[in-house]
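Structure first, then comments.
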Amino acid sequence: MNVLLMAYGTPYAPEEVEPYYTDIRRGRRPSEELLKELAERYEAIGKSPLNEITLAQAVRLQALLNLEAPPYPKRLLSPFPPRAPHGPARVYVGTKHWHPSIGEAVAAMHEDGVRRAVAIVAAPHYSLRSVAEYREKVDSALKALPEPIDFVWVESYEAHPGLIAAYARRLEEVIWRLKNPGKAAYVFTAHSIPLSAVEKGDPYPRQVEKTAELIAKKLALPRFHVAYQSAGRTPEPWLGPDINELLRTLKEEGYEEVAVQAVGFPADHLEVFYDLDLEAQATARELGLRLLRARSLNADLDYIQVLKDLVEAAWPR
Ligand code: FEC
């Protein structure tokens, strides 16, 4: 079994911010002002852990997939765990905007003799501005190969029961810390996308709503809101409400505590540590709101089990 696990990617060092940003902008160099602003955001959080988390997800997914695959016996014959990373399942990492790039990953898979694989993006929701673009990158990498790799795609998994349970478990930890859970606001966030994509029928907002609704139902929340975060620095209109704007509305409506959960990304990174933990937290403080954020899924085993389920269900038999 072969898997291409994809995520956004982040620069490893400050000098890589410029080429990374240029890649996000499809080859257009950002202005000095935009570049400075992004460099300052990385500086403010110290470092984005996204590459390390993505690698940890891949290593653990590979280990889990190999645990039950032949030639390992179902019953352990020695006190040692199976040598999982060397089993028949192989998980490759490709990042959308940095290294290893999706093109580099696809080329490595081909070189290793892979001709069939499952392709999955770590973000749970499909968007024309996310999964569709990952797909374009895979397709363009395939064009450079002498023989094709047959990819089976997992395009979204917004309602997977394991995903909902994993998110609910972490939100529950926040609920324990609320002074008055019955009167708190519950806000689920995802990365914003340009409104032009929504107008083209992008299923993204519907899928984000679905995830939020299922978590709220599982925890019997009295109410919930969906907000978008991290809108790009471009002149076009982006999908809202923006989290900071929603916090102001919640204050006006009399809320005192807000539980926030980022459901659009499984991992911690710039958009979680800066946009939620620094920026939204500052907005909440200024408004006199108590804001608590649920921890991310990262490479925790309950989340990796979800990836394993998805990959196994997609693998052609
Ligand atoms: O930790 C890190 O360094 C990386 C954090 C990061 C993640 C992420 C996820 C998503 N994005 C999505 C859509 C867009 C669109 C544009 C855009 C621009 C940026 C910029 C940075 C950035 N994104 Fe991102 N995104 C992350 C980081 N994103 C940095 C450039 C500066 C800025 O505008 O803030 C606009 C691109 C354009 O100009 O054409 C659109 C979506 C996701 C969630 C799905 C996924 O993870 O792939 C959707 C993580």
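Below is a table of values for the structure above.
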| item | result |
| --- | --- |
| q = 0.13, 0.14, 0.17, 0.19 Å⁻¹, the range 247-303: log10 I(q)/I(0) [Debye, one scatterer per Cα] | -0.36, -0.41, -0.57, -0.68 |
| Contour minus Cα-Cα distance for A132 and A13 (0.36 nm per residue) | 40.1 nm |
| Sulfur and carbon atoms: percent of accessible area, the range 161-293 [1.4 Å] | 52 percent |
| Calculated P(r) of the range 1-55 - Cα pairs past 17 Å, % | 42 percent |
| Lys/Arg +1, Asp/Glu -1 at C-beta; the range 161-293 dipole; positive extreme among S192, G288, N244 | G288 |
| Protection-proxy order for peptides 148-156, 258-266, each taking the mean of Cβ atoms within 10 Å per residue, highest first | 258-266, 148-156 |
| Cut-off 13 Å between beta-carbons: net charge of the residues surrounding H110, Lys and Arg +1, Asp and Glu -1 | -1 |
| Diffusion constant of the chain at 37 °C, which comes from Stokes-Einstein with the Kirkwood Cα-pair radius and 0.692 mPa s, µm²/s | 158 µm²/s |
| Rg/Rh (Cα only; Kirkwood hydrodynamic radius) as it applies to the range 127-185 | 1.29 |
| The range 120-260: translational diffusion in µm²/s, Stokes-Einstein, Kirkwood Rh over Cα pairs, 4 °C, 1.567 mPa s | 76 µm²/s |
| Per residue solvent-accessible surface (Å²) - the chain, probe of 1.4 Å | 48 Å² |
| Using θ = phi - 60° and Karplus 6.51 cos²θ - 1.76 cosθ + 1.60, couplings along the range 38-44 (whole Hz; Gly, Pro as x) | 5, 4, 5, 5, 5, 4, 5 |
| Charge sum, other residues only, whose C-beta stays under 9 Å from I193's C-beta, Lys/Arg counted +1 and Asp/Glu -1 | 0 |
| Among R290, R177, R60, residue whose mean-square fluctuation peaks in a GNM of the chain (springs only between Cα atoms under 10 Å) | R177 |
| Extension gain, A44 back to R206 (0.36 nm per residue minus Cα-Cα distance, nm) | 55.0 nm |
| Among P161, P11, P235: highest mean-square fluctuation, GNM of the chain, C-alpha pairs under 10 Å | P235 |
| C-alpha center-to-center spacing [the range 90-138, the range 162-181] in angstrom | 31 Å |
| L35-A282 FRET efficiency (beta carbon distance; Förster radius 35 Å; 0.05 resolution) | 0.95 |
| 17 Å Cα-Cα reach of K218 towards lysines, excluding residues that sit fewer than 8 places from it in its own chain | K210 |
| Average Cα contact separation per residue, the chain, under 8 Å, 6 or more apart, as relative contact order % | 22 percent |
| Convex hull projection area averaged over all views, the range 220-317, Cα basis, nm² | 9.1 nm² |
| Interchain or long-range residues, amide H under 5 Å from W238's placed H | L195 |
| Calculated [θ] (222 nm, deg cm²/dmol) that DSSP helices of n ≥ 4 give over the chain, each run adding -39,500 (n - 2.57) | -13000 deg cm²/dmol |
| Sparse-neighbourhood loop sites, trypsin sites (Lys or Arg not before Pro) in the range 105-142 - DSSP loop, at most 16 other Cβ within 10 angstrom | R115 |
| Between the range 262-317 and the range 4-74, the alpha-carbon center distance in angstrom | 15 Å |
| Pairs of alpha carbons in the range 214-276 whose separation is greater than 20 Å (percent) | 37 percent |
| Cut-off 14 Å between beta-carbons: net charge of the residues surrounding A13, Lys and Arg +1, Asp and Glu -1 | -4 |
| Loop sites in the range 189-293: GluC sites (Glu not before Pro), DSSP, at most 14 other Cβ within 10 Å | E253 |
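The values are calculated or read from the model by the stated rules, or taken from the named source; none is laboratory data. Bear in mind that the values here come from a model prediction, so they are computed numbers and not experimental data. FYI the Cβ positions are ideal-geometry reconstructions off the backbone, even for glycines, and counts take in every protein chain you see. Areas reflect the complete protein model, heavy atoms only, side chains present, ligands, DNA and RNA absent. Shrake-Rupley method; radii C 1.70, N 1.55, O 1.52, S 1.80 Å.
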